[in-house]
1. Yes or no: Thr269 surrounded by fewer than 20 Cβ atoms within 10 Å (Cβ to Cβ), over 26 Å from Leu117 (Cα atoms) and either modelled with pLDDT under 95 or not assigned by TED's automatic domain parsing to the domain that holds Leu324 (or both)?
2. With respect to the numbered conditions (1) assigned by TED's automatic domain parsing to the domain that holds His222; (2) aliphatic (A, V, I, L, M); (3) within 30 Å of Arg379 (Cβ to Cβ), which one is the sole condition not fulfilled by Leu277?
3. Which residue is nearest to Trp327 (Cα to Cα), if the candidates are limited to segment 163-190 and must be within 16 Å of the chain's Cα centre (by Cα) and among the aromatic types (Phe, Trp, Tyr)?
4. Answer with yes or no whether Ala193 is over 26 Å from Leu324 (Cβ atoms) and small (Gly, Ala, Ser).
5. Tell me, yes or no, whether segment 193-203 has at least one residue that is in contact (Cβ under 8 Å) with a residue 24 or more places away in the chain, in a strand (DSSP E or B), buried (at least 22 other Cβ atoms within 10 Å of the Cβ) and assigned by TED's automatic domain parsing to the domain that holds Lys180.
6. Condition first: assigned to a strand (DSSP E or B), among the β-branched types (Val, Ile, Thr) and farther than 22 Å from Tyr249 by Cβ. Can you find one or more residues in segment 169-181 that meet it?
7. Tell me, please, whether a residue that is at pLDDT below 85, under 28 Å from Val330 (Cα atoms) and part of a strand (DSSP E or B) can be found in segment 138-148.
8. From the set of residues in segment 172-188 that are buried (at least 22 other Cβ atoms within 10 Å of the Cβ) and aliphatic (A, V, I, L, M), which is nearest to Thr247 (Cα to Cα)?
Amino acid sequence: MKEQQHAKDILRRYVNDQCTEEERIWVEEWYRKHYDTEFKIDSKLAEEHLADVWQLLDSEVQRKKIWTLRKIAVAAASVILLVGIGFLVNKSTKSSTHHIAHSSQEAPIQAGRDQALLTLADGRTIHLDSIAVGDHLSENGITITKMDDGTLTYAIKEVLGHTTEQIYNTISTPRGGQYKVVLPDNSIVWLNAASSLRFPIAFTGNTREVELVGEGYFEVAHHKQKPFIVTSTDQQTIVKGTKFNITSYPDDVKKTTTLLEGSVLVKKTSDMGHDDLLLQPNEQVVLQHNRFTKSHVNAADAISWKNGKFVFNDTPLKNIMQQLARWYDVEIVYLESTEGITFTGSISRFDDIQDVLRKISLTESVQFQTKERRIMVRR
């Protein structure tokens, strides 16, 4: 127990930058010896996960009854490593050191960026990243403008005639793209990679209806008499003014709706069930196999992508790699099963993908090999 407490004390002092010079050297030399790189700990993240660190240290102490100070520091360093890079492995499968292999001759795989394709009602397509800031487009009395931050805005320039015909535009992001658009009612939508939003250039009816494929975060302008309806795969989300995120990719088995503010009603579009759900802030509903499951979550995590972060909470490795594939526009090949491997942590979406994979591989549960735009995964 004394050795166990000593290890915990070293860890806490290191996290809080209060350890001795000798203890600091032991921790950092251990890291450099094993990974040949500088080590910088994220103190805030480490503090958040100290309970997990204690559990890992407890199990280590049970295996080794007598530790020297150096061994204690090494054990603490190995745990700090996992926390410092923003990852805690939830299921380890090998004790050998894993790595990422790639050809030094290959061009680096860059992170995604703001890019999208606008399809007008007449079928014309416009690559939005090729339009200069401040440029205007006009369509049926609507002015479309690219703002300083790249956002696309729709504004009514002329009084529209009383017509029942809706004129639609579609914004599509490719793999490796994201985009922000301000709709005619001043609602704001952020589209994630490989997503599309179909919407009328003016909301002239009794509802404001749009269609989403992929992932989008919505900040809906309040209009009590004019509900905002998002139709996605197998469901509709009905709101009057709120903030929420929908993930509904065609290749995802689960379709997820997460509420940040206000309230939303989520309905199935099929006639197989009638269990519509009303969500409150920090609630999430998952639609899978035509069944709804509701739970309490940290809703901010669901929109971390909009804020430039990947945030994972017990996320299966396959789901993580699927997100990386869309954002970095790469192909994932599994050489071995990764069933049962999950991660918790956060990483910047704007890191080079080699850096992202290197951080994941440090958990010693998985290794990667890259060739051109293909990533091979094995345990």
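The values are calculated or read from the model by the stated rules, or taken from the named source; none is laboratory data. The model shown is predicted, which means the values in this text are computed figures rather than measured ones. No Cβ is skipped: glycine too gets one built from the backbone with ideal geometry, and neighbour counts run over all protein chains shown.
1. yes
2. For Leu277, the failing item is (3).
3. Taking the candidates together, the pick is Tyr179.
4. Spelling it out, it is not the case that Ala193 is over 26 Å from Leu324 (Cβ atoms) and small (Gly, Ala, Ser).
5. Scanning segment 193-203, I find at least one residue that is in contact (Cβ under 8 Å) with a residue 24 or more places away in the chain, in a strand (DSSP E or B), buried (at least 22 other Cβ atoms within 10 Å of the Cβ) and assigned by TED's automatic domain parsing to the domain that holds Lys180, so the answer is yes.
6. No - not one qualifying residue is present in segment 169-181.
7. No, because not a single residue in segment 138-148 is at pLDDT below 85, under 28 Å from Val330 (Cα atoms) and part of a strand (DSSP E or B).
8. If we take residues in segment 172-188 being buried (at least 22 other Cβ atoms within 10 Å of the Cβ) and aliphatic (A, V, I, L, M), then Val181 is nearest to Thr247 (Cα to Cα).
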